[in-house]
Amino acid sequence: MKLSFLLGVVSIAFYCSACSLNYGTASKTEASFPEFIFENARFERISDNTITVQMQAKTIERYKRSATVYAKDIHFTTYDTDNQKETEGTCHLLEASPQDNTYTFFDAIDLYNYKQKLRILTNCLYWNTATEQVTGASGDGITIQYTANGETSSFKGNSFSASTISNTFSIADSVYGNITNENKN
């Protein structure tokens, strides 16, 4: 008798707990799932019959309630109007919010600009395309390498910011580096 009574109580408890859905949170739950998921994706943006961006990613997710896109293990290349490589980069995670003009790069970021011969290595970058400002996380380490006039420079520091309008950058904390002259003269 005791066993059947115990099984009856457990069955009722299980039945009651199994039917406790909260239908008021359905819209929140829907927003937390991606509308689209692409695996091993490759995309190209074409403008005026010219490729402007090529992107490859292990996973790309787009969410229904916003135009926000998340990409994992991404490699991208941008091209100028002459179809020459402008910037090439990789990162572990990208959050792109084109409606807000913001792009946030995370983990193992490696960006190279061909025209400026500039490489940026860091773990977090925030780019606002409306203001054309790029910033790193406060206190986050960054390495900048560039070549100009036969000299290769490498700087490391923290708290990075840059303007793509004025082509200037600053490192606010703990700057150190070296300059190597490669001229044979």
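Couple of notes before you dig in:
- Kirkwood hydrodynamic radius over Cα pairs of the stretch 63-116, then Stokes diffusion coefficient at 10 °C and 1.306 mPa s, in µm²/s: 130
- Straight-distance crosslink candidates among aspartates and glutamates, where the alpha carbon sits under 16 Å from Lys85 and sequence neighbours closer than 8 are dropped: Glu44, Asp110
- Value of D in µm² per second that Stokes-Einstein yields for the stretch 43-90, Kirkwood Rh from Cα pairs, at 37 °C (0.692 mPa s): 279
- Nearest-10 value in Å² for the accessible area of Asp140, using the 1.4 Å probe: 40
- Over the stretch 23-169, volume per residue of the alpha carbon convex hull, in Å³: 137
- When only Cα pairs below 8 angstrom with a gap of at least 6 residues are kept, the stretch 62-185 shows a relative contact order of 15 percent.
- Computed over the stretch 90-185, the alpha-carbon pair-distance distribution with 10 angstrom bins reads 15, 46, 30, 7, 1, 0, each value a whole percent.
- Rolling a 1.4 angstrom probe over the stretch 103-185 with all protein chains present gives an accessible area of which 49% lies on carbon and sulfur atoms.
The values are calculated or read from the model by the stated rules, or taken from the named source; none is laboratory data. Bear in mind the structure is a predicted one, so any value in this text is a computation, not a measurement. The area values use the complete protein model at the heavy-atom level, side chains included, leaving out ligands, DNA and RNA. Shrake-Rupley method; radii C 1.70, N 1.55, O 1.52, S 1.80 Å.
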